[in-house]
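What follows is calculated from the coordinates using simple rules that are stated; it is not laboratory data. Note that this is a predicted model, so its numbers are computed, not measured. Virtual Cβ from ideal backbone geometry, glycine too; neighbours counted across all protein chains shown.
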Protein chains: 2
Amino acid sequence: MNDKCNAPIGIFDSGVGGLTVAREIMRNLPNEDLVYFGDTARVPYGSKSKNTILKYSRQIIRFLQTQHVKAIVVACNTASAYALEDIKKEIDLPIIGVIKPGARVACQTTRNGKIGVIATEATIRSGIYKQFINGQNPDYQVLGKACPLFVPLVEEGWQKDPVTITVAARYLEELIKQEIDTLILGCTHYPLLRSTIQNIVGEEITLVNPAYETALELKSLLNKYNLNNQNRATEHQQQRFYVSDLAENFQKVANSILPSEVDMTNQINIEEY
Amino acid sequence: MNDKCNAPIGIFDSGVGGLTVAREIMRNLPNEDLVYFGDTARVPYGSKSKNTILKYSRQIIRFLQTQHVKAIVVACNTASAYALEDIKKEIDLPIIGVIKPGARVACQTTRNGKIGVIATEATIRSGIYKQFINGQNPDYQVLGKACPLFVPLVEEGWQKDPVTITVAARYLEELIKQEIDTLILGCTHYPLLRSTIQNIVGEEITLVNPAYETALELKSLLNKYNLNNQNRATEHQQQRFYVSDLAENFQKVANSILPSEVDMTNQINIEEY
């Protein structure tokens with residue numbers, strides 16, 4: 001075991017959505033410490049260009065490196081789609097995104113080879129889910145649908161509201177008609193709409209939550225590099241939260257999503273990195 | 001007349017919303033040239049903090065100064081609420097926002113002294129409409145309501161959709177019950193929902209569009225400083241558009257909002273200013 005094992009995992013997202021990934025990592029890797037960064041000053045990424053998302057991701061990676069993380073999880077579908085491949089070549093740390101794990105499990109789940117993906121406009125536009133899924137099986141059909149109202153509806157707290165049900169039914173209509181049997185929740189906010197979406201698509205369609213699959217992939221990755229924290233200095237998992245704006249608002253949402261209370265959220269100037 | 005008269009007007013917003021203000025300026029000041037900046041890489045401002053909005057606004061002002069503008073219009077309610085007063089002290093150019101003109105006309109319009117304001121969370125949180133209105137008449141009641149779904153609904157193109165009507169009815173219910181007789185559309189996207197909103201509130205409630213009032217205020221301001229462009233070098237109004245991301249998407253929306261076609265939109269790195 002080397003010194004690095006005690007170092008934290010770095011996780012980042014454009015805002016609060018990646019907390020659904022942090023939550024799964026906390027549950028499934030209880031020995032690991034975390035440093036989370038949410039880019040709340042520049043959220044959302046889902047309507048922005050590749051170059052902008054890449055620039056923002058590089059700044060965040062530089063910040064996480066100052067926190068001496070041992071591995072990085074890109075807990076944002078849009079950044080995973082546009083920035084991960086470039087960043088992988090630029091840094092000397094194990095790094096994973098949320099797309100590959102979700103795509104792999106969808107391939108294992110489908111019986112009829114028709115997989116739906118719901119995500120932000122930028123993620124759908126990137127075609128990356130299709131690319132990964134067809135990399136595993138070129139015969140699989142991948143049907144994407146951008147759902148730009150889902151994030152603001154979740155942020156309004158209307159997860160089970162009739163308005164959200166109407167909007168979701170409209171967004172999902174075409175995918176259901178095309179007879180998908182597997183649906184990837186391709187944006188980190190969407191697991192918060194899980195039961196609403198499941199009610200609309202029915203039990204015949206299996207929902208894939210990339211957040212959970214990403215936590216399992218991180219576990220394998222730490223094993224592979226022999227980076228597990230087996231020798232905890234403190235009894236409890238340590239978590240540090242950083243944002244680029246409105247720390248207080250972030251903390252409120254974090255406390256509603258995470259299994260344990262967030263003590264403090266720090267604000268930093270991300271443009272300096 | 002001095003040399004400055006031929007210089008363009010600088011207009012900025014967090015994204016495309018300010019185009020409703022640019023549209024009114026084009027219509028009402030047809031002799032003036034325009035430079036418009038939309039901060040599409042960091043949109044929206046409505047959920048961000050004062051410090052962040054002030055920092056972004058300062059960068060944009062510095063950019064507009066490199067374009068030798070003769071006056072600046074802050075065509076964004078959130079930036080007008082949080083940044084205008086500070087910026088006014090820092091620059092040596094006539095500068096106006098969209099809030100004061102809207103507030104003034106609302107005061108002239110109301111008969112029962114009950115004025116509603118719909119806007120982003122940040123604008124409502126700032127309390128600035130109340131401040132301006134009560135500055136004119138301390139007896140007026142100002143009732144604010146944040147409508148965070150309106151911008152994404154407009155951007156989805158669902159201006160007259162049953163979903164938008166349901167959401168709008170819910171947002172406006174309380175204001176109608178409180179018997180407002182005047183309603184300020186306190187976000188530059190909202191004039192695009194004008195007929196939907198008017199149908200819900202009924203003809204008894206007068207809608208105030210600050211975009212139009214701002215164009216008239218700009219006209220007075222140019223007169224006051226003797227800055228009118230009375231000696232046009234070219235026949236047509238010149239307009240230049242700059243954004244911080246996705247110029248092509250911006251241009252599509254601009255062409256749907258503005259009276260004349262946008263030839264080209266330029267992308268710049270706003271963080272460098």
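Report, as an integer, the average count of C-beta atoms from other chains found within 10 Å of each Cβ along A:45-54.
Mean inter-chain Cβ contacts per residue within 10 Å come to 4.
Computed over the Cα atoms of the range B:153-273, what is the convex hull's projected area averaged over all directions, in nm²?
Orientation-averaged projected area of the Cα hull: 11.1 nm².
Quick check for you: which residues of the range A:208-223 have the amide N under 16 Å from the point 7 Å beyond the Cα of A:Asn137 toward its beta carbon?
Only A:208 fall inside the zone, counting backbone N under 16 Å.
In nm, to one decimal, how far is the modelled label at A:Thr109 from the one at B:Lys252, with both set 7 Å along Cα→Cβ?
Once both label points are built, they end up 2.9 nm from each other.
Could you work out the relative contact order of the range B:179-235, using alpha carbon pairs under 8 angstrom and six or more residues apart, expressed as a whole percent?
About 37 percent, as a whole number.
Grab the beta carbon distance between A:Thr166 and B:Lys219, set R0 = 60 Å, and tell me the FRET efficiency rounded to 0.05.
The pair A:Thr166/B:Lys219 has a calculated efficiency of 0.85.
Along Cα→Cβ at 7 Å, what distances in nm separate the A:Asp92 label point from those on the other copies, shortest first?
5.2
Rg(Cα) of the range A:1-86 divided by 2.2 N^0.38 Å?
Ratio of Cα Rg to 2.2 N^0.38 Å: 1.08.
In nm, one decimal, shortest first: how far is the label point of A:Tyr225 (7 Å from Cα along Cα to beta carbon) from the matching points in the other copies?
Once sorted, the set of distances for A:Tyr225 reads 5.5 nm.
Taking the alpha-carbon distance from A:Lys89 and a cut-off under 23 Å, which lysines remain once sequence neighbours fewer than 8 residues away in the same chain are dropped?
A:Lys4, A:Lys48, A:Lys50, A:Lys55, A:Lys70, A:Lys100, A:Lys130, A:Lys219, A:Lys224
Mind grabbing the base-10 log of I(q)/I(0) for the range A:99-210 at q = 0.17, 0.18, 0.22 Å⁻¹? Debye formula, identical points on the C-alpha positions, no solvent, two decimal places.
-0.72, -0.81, -1.21
Pairs of alpha-carbon atoms within less than 8 angstrom and 6+ residues apart define the contacts here; what relative contact order does the range B:99-210 have, in percent?
36
At A:Arg58, label 7 Å along Cα→Cβ: distances to the other copies, nm, ascending?
2.5
For peptide B:142-152, how many partner chain Cβ atoms fall within 10 Å of a residue's Cβ, on average?
Mean partner-chain Cβ count within 10 Å for B:142-152: 2.
Report, by chain and number, residues whose modeled amide H sits under 5 Å from the one on A:Phe241, excluding near sequence neighbours (fewer than 5 apart, same chain).
Distant-sequence amide H within range of A:Phe241: A:Tyr36, A:Asn266.
Under 5 Å between amide H atoms, partner at least 5 residues away or on a different chain: which partners does A:Gly116 have, H built in plane at 1.01 Å?
A:Leu143, A:Asp181, A:Thr182, A:Leu183, A:Ile184
Excluding same-chain residues fewer than 8 positions from A:Lys145, which aspartates and glutamates have a Cα within less than 12 Å of its Cα?
Qualifying aspartates and glutamates at Cα under 12 Å: A:Glu121, A:Glu173, A:Glu174.
Amide H of A:Ala71 versus every other amide H placed in the peptide plane: which residues, excluding those fewer than 5 positions away on the same chain, fall under 5 Å?
A:Gly10
Over chain A, what relative contact order in percent results from Cα pairs under 8 Å that are six or more residues apart?
Relative contact order of chain A: 28 percent.
What nm value, rounded to one decimal, do you get for the distance between B:Gln67 and B:Asn269 when each label is placed 7 Å out toward the C-beta?
With each label placed 7 Å out from Cα toward Cβ, I get 2.0 nm.
Just the C-alpha atoms of chain B: what Rg/Rh do they give, with Rh taken as the Kirkwood radius?
The Rg/Rh ratio comes out at 0.96.
How big is the gap, in Å, between the Cα center of the range B:215-232 and the Cα center of the range B:135-206?
Distance between centres, Cα-based: 31 Å.
Could you please rank A:Cys147, B:Cys107, placing first whichever residue has the fewest other Cβ atoms within 10 Å of its Cβ?
Fewest-to-most Cβ neighbours within 10 Å comes out as B:Cys107, A:Cys147.
Roughly how large, in nm² to one decimal, is the mean projection of the convex hull of the alpha-carbon atoms in the protein assembly as shown?
26.8
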